[in-house]
1. Going by what's in this entry, would residue 38 be described as β-branched (Val, Ile, Thr), out of contact with any Pro (no Cβ under 8 Å at 6 or more places or on another chain) and over 29 Å from residue 108 (Cβ atoms)?
2. Would you pick out the residues in region 155-171 that are open to solvent by less than 100 Å² (accessible area, probe 1.4 Å) and hydrophobic (A, V, I, L, M, F, W, C)?
3. Here are some residues: 92, 119. Which one is within 32 Å of the chain's Cα centre (by Cα), open to solvent by less than 80 Å² (accessible area, probe 1.4 Å), over 30 Å from residue 45 (Cβ atoms) and modelled with pLDDT of 90 or more?
4. So how many residues does region 15-43 have that are over 31 Å from the mean Cα position of the chain (by Cα) and loosely packed, with under 15 Cβ neighbours inside 10 Å?
5. Any idea which of 9, 50 is among the acidic types (Asp, Glu), part of a helix (DSSP H, G or I) and open to solvent by 80 Å² or more (accessible area, probe 1.4 Å)?
6. Please work out which residue is farthest from residue 46 (Cα to Cα), limiting yourself to region 63-89 and to residues that are open to solvent by 70 Å² or more (accessible area, probe 1.4 Å) and among the charged types (D, E, K, R).
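The values are calculated or read from the model by the stated rules, or taken from the named source; none is laboratory data. Keep in mind that what you see is a predicted model, and the values were worked out from it rather than measured. Cβ coordinates were reconstructed from backbone atoms using ideal geometry, including for glycine residues, and neighbour counts include every protein chain displayed. Heavy atoms of the whole protein, side chains included, go into the accessibility calculation; ligands, DNA and RNA do not. Shrake-Rupley method; radii C 1.70, N 1.55, O 1.52, S 1.80 Å.
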Amino acid sequence: MYVSKGEYDKALIYLMDALKIRNRLGDNKAIASTMIKIGESLMNLGKYDDAFIYLNNAKNIAISINVTEELDQTYFDLAKLYSMINESDSSTKYLDLFVLLKDSVYNARLDQQIIDVNTKYEVEKKDKDFQLLLTNSQLNESMLKQRKTEILLLIFIIISIVGAAIFIFYR
C-alpha cells in the first residue's frame, strides 16, 4: 500500500517486519517476493547498494526454488537498477535475461493452454461418443423389446389359429 503511494520509508518498515515473519515461517517464495519489494523501495529511495543486496538475494532464492515469476521480476529490477547507476552492460545483461525468461514463461503458459484446450476437446469428444453409444444402446434395447413383443404376438396368433383349427376339426 505504501509502495503504491510512493511512501517507501513507511513501506520499508512493514516490509522488513514481513520479511522477519516469512523467514520464521521458512516460506522461500514469499521471502523472495518480499526481498524484491524491499529492493524496489530501496532503489526508489536512491539506496542502490542496499537495493542490489536485496535484489541479488531474491534472485538467488528464486533460482534455488525455481520460481520464475519472482526471478523474472528480479531480472527486471536489476536491469532497472543498473540503468539507474549507468552500468549499461549489466543493465543490458539483466534486461536480456528478463526478456528470455518472459518469453519462456509465455511459451510455457501457451503450451499449457494448448494442452488444456486439447484435453477439454478430447473430454468433450469422449463424452459425445459416450452419449452416442448410450443412445444407440437404448435404441437397440427398444428394438429388441419390440421384436420380443412381435414374436410373442406371432406365437399368440399361431396358438390361436392352431387352437381354432383344433376346435373346428373336433367339432
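1. Criteria not met by residue 38.
2. Once the filter is applied, which keeps residues that are open to solvent by less than 100 Å² (accessible area, probe 1.4 Å) and hydrophobic (A, V, I, L, M, F, W, C), region 155-171 yields 155, 157, 158, 162, 164, 165, 166.
3. Values: 92 fails: over 30 Å from residue 45 (Cβ atoms).
Result: 119 is the single residue among 92, 119 that is within 32 Å of the chain's Cα centre (by Cα), open to solvent by less than 80 Å² (accessible area, probe 1.4 Å), over 30 Å from residue 45 (Cβ atoms) and modelled with pLDDT of 90 or more.
4. Result for region 15-43: 2.
5. 9
6. 69
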